[in-house]
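Novice: To start, I am sharing the structure in question, which I have written as structure tokens.
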Amino acid sequence: MKCRLHSTKWKQFKISHIKKISKDTSIYTFNLAYPENDINLPLGHHIQLRAKINGKHVVRYYTPIFPREKTKELQLMIKSYPNGTMSKYLATLTIGSTIDIRGPFGNPSLDSAPYPLQKEIESYRDALMNKNKNTQHNEEEILTQLGIVAGGSGITPVLQVLHEIVTNPYHLERISLIYANETVDDILLKEELDKMAEKHPHFQIHYVLHHPPKRWNGETGYITKKMLQKYLPCNDKQHKLLICGPLEMNESVLRYSKELGWNKGFQKSKSNDKVFVF
Ligand SMILES: Cc1cc2nc3c(=O)[nH]c(=O)nc-3n(C[C@H](O)[C@H](O)[C@H](O)COP(=O)(O)OP(=O)(O)OC[C@H]3O[C@@H](n4cnc5c(N)ncnc54)[C@H](O)[C@@H]3O)c2cc1C
């Protein structure tokens, strides 16, 4: 039997599937039914997991990877850290194990704030639904190019955005993602990302590896200003930049983007910031 998610009450859910996708990361599928019968989480929203670990309740946030999927299952991609309380515990669970879940929640620091790209996505949807009524857009509001920089498990909220914007017929002409990792085995969902790029030519991915294998033809080292210049859209009224990675990566990308003429971005971003950090 499927359970329903509740925004304030903890409900117990069963793990129905676990797929290991790298040495330390797995996708956990939960037996779940939303009140609406679909997963229709607003983009950028999260759920909370709670577990009793060493006699204490531990609570952590996680980001469903398919926010608006026509499915009744909830999928979370979770990286396990050797010293991580919840993530290490989750790695010990098996199919049939249960865990407490509640949500969804908005941005934890700015709860109930609109999610990134909300305005753009809503205006695209209105335009699509009112196609026959000749809805006019304010040209300046139309987002035409999106640059994204992700590092490691920071790809999780980015995946939500990609599932929403790459496959839908919005006005975007170009979505360019730089995805940085330590080794090739750390790249999460590479096959899925590559397939998405192959199927949707306006979406391009540029991988950067700190420790590349011998025959690697992508970028190497840490992300540089030159890479941003080479692979991402430039600053323009109709362009936007999203960043999601470890603190140090976010800080250097914010610095480079400012040097390349983008607005100054902040670690604690507001949803309508031109340079948005998750
Ligand atoms: C809004 C939001 C959404 C999130 N979504 C996801 C998601 O979809 N998938 C996911 O895997 N995580 C996600 N996280 C992170 C998650 O909530 C936990 O912080 C993470 O799983 C670590 O928790 P822990 O209890 O295992 O580690 P803690 O016990 O909190 O940390 C202990 C140690 O673990 C290590 N560690 C913890 N986090 C990191 C890190 N980011 N980088 C390097 N080392 C670390 C450090 O050694 C740290 O000292 C999200 C966080 C937020 C705020």
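Novice: Starting from the 7 Å offset along Cα-to-Cβ, what nm value, one decimal, do you get for the label separation of Arg4 and Arg50?
Specialist: Between Arg4 and Arg50, the label points sit 1.9 nm apart.
Novice: Just list whichever of Lys88/Lys274; Lys237/Lys270; Lys19/Lys79; Lys9/Lys190 have alpha carbons separated by over 24 Å in the model shown.
Specialist: Lys88/Lys274; Lys9/Lys190
Novice: Arranged by the count of other C-beta atoms within 10 angstrom, fewest first, what order do Lys9, Lys240, Lys79 take?
Specialist: Listing Lys9, Lys240, Lys79 from fewest to most nearby Cβ atoms yields Lys9, Lys79, Lys240.
Novice: Rounded to the nearest 0.05, what FRET efficiency is calculated for His200 and Lys23 with R0 set to 30 Å and r the Cβ-Cβ distance?
Specialist: 0.55
Novice: May I ask you to derive the FRET efficiency for Asn217 and Phe105 from their Cβ-Cβ distance with R0 = 25 Å, giving the value to the nearest 0.05?
Specialist: 0.05
Novice: So, one more: Among Val275, Val184, what is the fewest-to-most ranking by other Cβ atoms within 10 Å?
Specialist: Val184, Val275
Taken together, the values in this text are just the output of simple stated rules run on the coordinates, not laboratory data. Keep in mind that this is a model prediction, so the values were computed, not measured. Cβ coordinates were reconstructed from backbone atoms using ideal geometry, including for glycine residues, and neighbour counts include every protein chain displayed.
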